[in-house]
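Student: Pasting in a structure now, in structure tokens, and then I'll have a few things to ask.
The values are calculated or read from the model by the stated rules, or taken from the named source; none is laboratory data. These numbers come from a predicted model, not from an experiment. All Cβ positions, glycine included, derive from the backbone under ideal geometry; neighbour counts span all protein chains shown.
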Ligand SMILES: NC(=O)c1ccc[n+]([C@@H]2O[C@H](COP(=O)([O-])OP(=O)(O)OC[C@H]3O[C@@H](n4cnc5c(N)ncnc54)[C@H](OP(=O)(O)O)[C@@H]3O)[C@@H](O)[C@H]2O)c1
Ligand SMILES: *[C@@H]1O[C@H](CO)[C@@H](O)[C@H](O)[C@H]1NC(C)=O
């Protein structure tokens, strides 16, 4: 989490729900709250350092945090915010935890992308959008980066027993739209559309849960899913050369390679 108080309160709700649920018991596991700001490489490093010190194994990593169409902002390290959080922060996080995932194999990485990847492009000449900022384009670019990252990581993990798959959750009624300004008069319409057609968070989480836990996908890696089924990708999301180049540049940007 970024906000410890809100996270502790969410953890209390989950513990209370598990306590009243017949199948759950206190012995099923511990729910721990840890601070992690994906807009800060220092925070990602500190979080991973602690996990590596405290946890003997890591079975599943779900890269789910995301920021959508915010005004132009930069991360602590000077990256455009959507690319920095949605792609680079998770890129460093996954890389620092890779050793533990490997020693825990069979294990899984699940990457939450979006169908909006279709409108993105990896414009290597302006990854921080300093020349031109388009908030929709930058969200789509970061979600395309999630899929290219998944493909390249799957290739690197062949034979290790660690799988990695990407997914789109569908349109869900969450806080993702917090930076989008809806005109006052359109608000009732949007609430209606959202109530009638958007998925609930519980429904939206199903494909992540499926990829994290189903025996059906035990040995599936490098694929893209929606509604718990494999889906086709546009050629731009399957371009191995772009995936490779994005990986190499990301390594330099997050300081894994100097
Ligand atoms: N909702 C949709 O319709 C939809 C569609 C396609 C894809 N997705 C993807 O689904 C994923 C989950 O989004 P959501 O819909 O659940 O949106 P959400 O309600 O806004 O949740 C996003 C989560 O990411 C966290 N986060 C944002 N920036 C962070 C940072 N710098 N460091 C650490 N955590 C950070 C937020 O933490 P705080 O609580 O502290 O803000 C929040 O918990 C995202 O990757 C999104 O791109 C969503
Ligand atoms: C911003 O990007 C989106 C998605 O890539 C595109 O459809 C739109 O035309 C762009 N807007 C401008 C003003 O260039």
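Student: Considering only helices (runs of 4 or more DSSP H) fully contained in segment 156-254, which possess at least 3 residues that are in contact (Cβ under 8 Å) with a residue 24 or more places away in the chain and surrounded by fewer than 17 Cβ atoms within 10 Å (Cβ to Cβ)?
Tutor: Counting at least 3 such residues, we get 240-253.
Student: Another one. Restrict the check to segment 137-146 and report whether at least one residue is farther than 26 Å from residue 252 by Cβ, within 16 Å of ligand 1 (Cβ to nearest atom) and out of contact with any strand residue (DSSP E or B) (no Cβ under 8 Å at 6 or more places or on another chain).
Tutor: No, the conditions are met nowhere in segment 137-146.
Student: Follow-up. Which one of these is closer than 30 Å to residue 126 by Cβ and either out of contact with any helix residue (DSSP H, G or I) (no Cβ under 8 Å at 6 or more places or on another chain) or not assigned by TED's automatic domain parsing to the domain that holds residue 79 (or both): 180, 242, 164, 193?
Tutor: Criteria check complete, one pass: 180.
Student: Among the numbered criteria (1) in contact (Cβ under 8 Å) with a residue 60 or more places away in the chain; (2) closer than 22 Å to residue 254 by Cβ; (3) within 10 Å of ligand 1 (Cβ to nearest atom), which one does residue 115 miss?
Tutor: It fails just one condition, (2).
Student: Out of contact with any helix residue (DSSP H, G or I) (no Cβ under 9 Å at 6 or more places or on another chain), at pLDDT 95 or above and more than 19 Å from residue 66 (Cα to Cα): which single residue out of 158, 203 fits that description?
Tutor: 158
Student: Further question: Considering segment 88-118 alone, what residues qualify as being within 16 Å of ligand 2 (Cβ to nearest atom) and either more than 13 Å from residue 147 (Cα to Cα) or under 12 Å from the mean Cα position of the chain (by Cα) (or both)?
Tutor: 113, 114 - these are the residues of segment 88-118 that are within 16 Å of ligand 2 (Cβ to nearest atom) and either more than 13 Å from residue 147 (Cα to Cα) or under 12 Å from the mean Cα position of the chain (by Cα) (or both).
Student: Got at least one residue in segment 21-28 being touching a helix residue (DSSP H, G or I) at 6+ places or on another chain (Cβ under 9 Å), at pLDDT 95 or above and exposed (fewer than 15 other Cβ atoms within 10 Å of the Cβ)?
Tutor: No: zero hits.
Student: Among the residues of segment 126-142, how many are away from ligand 2 (no atom under 11 Å from the Cβ), surrounded by 15 or more Cβ atoms within 10 Å (Cβ to Cβ) and not in a loop (DSSP other than H, G, I, E, B)?
Tutor: Going through segment 126-142 one residue at a time, the tally reaches 1.
Student: Does residue 121 satisfy the condition of being assigned to a loop (DSSP other than H, G, I, E, B), within 12 Å of ligand 1 (Cβ to nearest atom), in the same structural domain as residue 50 (by TED's automatic domain parsing) and touching a residue at least 24 places away in the same chain (Cβ under 8 Å)?
Tutor: No.
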